[in-house]
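Participant: Right, I'll just put the structure down here and ask away after.
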Amino acid sequence: MEPIRRSPVGRGLDLDGVRLHGPRWTVAPSVAVEERWRSRTGRGCTLPVVTAFDAEADLSGDRAFRLMSNTPVTLFWRSPILDRTTGWLRDHGYQVTHLDASGWTTEEAMHRDTAAVLGFPGYYGHNLDALNDCMRDVVSQEYGWTPQAAGLVLVFTGYDTFATHCPLSAQIVLDTMARHSRSASLIGRRLMCLVQSNDPQIRFQPVGAVPALWNDAEWADANRRPA
């Protein structure tokens, strides 16, 4: 199989954009990826198989499937509905991590609480770029995500407070979570974000959109000029 290429806009990723570690290896990688991994660790590796939902099963009652089939970020207004959803997910092996956003009147408050709850390292930069970088580590299960869990569910409550005081940051946080949900799915992990708002009319721009990118060999403008 072809190696997974590192996106020109990505940072902090290992071995062509995927942090390779842990026991979940079942598919042989390309020779190039194998050689890079062996040079760093002294041992071989393979890439993980994506954990898919069972196409033969009745998924009508699977709340995780119903949530993730539409969007990685789902909005809630009524707390009892959210509680029933998180209860089902917890009962089915998901790690449910709560973040109370009702007191987030500044972006710094969001960084402080998120870093504490997800166990970010002490050098965390408390800015949106640093949040993006640390979420890569969360997806890699270096911290903040128990490897034995069926998936990670990040639950933001009272998010309308943050959206009112810091609308751009609130949008970027959700977009960051959506993009890392996609990257998690590529290595067989499920990450979803549930957002409770006390404003039933709250709206956000689409999240997780990715651009159409040139391939690695033709990324530079100079490589797309006629000979």
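Participant: Tell me, E56, E107 in order of fewest to most beta-carbon neighbours within 10 Å? Don't skip to the end; give the middle numbers.
Facilitator: Values: E56 6, E107 20.
Placing the least packed residue first, the sequence is E56, E107.
Participant: Here's another thing I want to ask about it. Taking K and R as +1 and D and E as -1, what net charge do the other residues with C-beta under 10 Å from the C-beta of V210 add up to? Kindly include the intermediate steps, with their values, before the conclusion.
Facilitator: Working: positive: R179, R182; negative: none.
Net local charge, V210 excluded: +2.
Participant: So, one more: Only counting other Cβ atoms within 10 Å, I'd like I81, I172 sorted with the fewest neighbours first. All intermediate terms of the calculation are to be shown ahead of the outcome.
Facilitator: Values: I81 11, I172 16.
Lowest to highest Cβ neighbour count: I81, I172.
Participant: Over the stretch 63-196, what is the relative contact order in whole percent, taking alpha-carbon pairs under 8 Å and six or more residues apart? Each step should come with its number before you reach the end.
Facilitator: Numbers: 195 pairs, mean separation 47.7, N = 134.
Relative contact order, the stretch 63-196: 36 percent.
Participant: Give the Rg (one decimal place) followed by the Dmax (whole number) of the stretch 63-196, computed from C-alpha coordinates and expressed in Å.
Facilitator: In Å, with Rg to one decimal and Dmax whole: 13.8, 37.
Participant: Please sort 145-155, 188-198 by packing, taking for each peptide the average over its residues of neighbouring beta carbons within 10 angstrom, highest first.
Facilitator: Descending mean neighbour count gives 188-198, 145-155.
Participant: From the backbone phi of the stretch 83-98, what are the Karplus-calculated ³J(HN,Hα) couplings (6.51 cos²θ - 1.76 cosθ + 1.60, θ = phi - 60°) in whole Hz, Gly and Pro given as x?
Facilitator: Karplus values, whole Hz, x for Gly and Pro: 4, 5, 5, 5, x, 5, 4, 5, 5, 9, x, 7, 7, 9, 10, 9.
Participant: About its Cα centre, how strong a charge dipole does the stretch 68-177 have in debye, to the nearest 20, once Lys and Arg get +1 and Asp and Glu get -1 at the Cβ? Let's see the in-between values first.
Facilitator: Values: 5 positive and 12 negative charges, 70 e Å.
Using only the charged Cβ atoms, the result is roughly 340 debye.
Participant: Sorted from largest down, give the three principal axis spans of the alpha carbons of the stretch 123-227, whole angstrom values.
Facilitator: 59, 35, 28
Participant: While we're on this one: How would you rank Y123, Y143, Y94, Y159, going from fewest to most other Cβ atoms within 10 Å of each one's own Cβ?
Facilitator: On the way: Y123 7, Y143 12, Y94 20, Y159 29.
Final ranking by Cβ density, sparse to dense: Y123, Y143, Y94, Y159.
Every read-out reported here was derived from the displayed coordinates using simple, explicitly stated rules and does not represent laboratory data. Please read these numbers as outputs of a predicted model, since none were measured by experiment. A quick note on method: Cβ atoms are made from the backbone with ideal geometry, for glycine too, and the neighbour counts reach across all protein chains shown.
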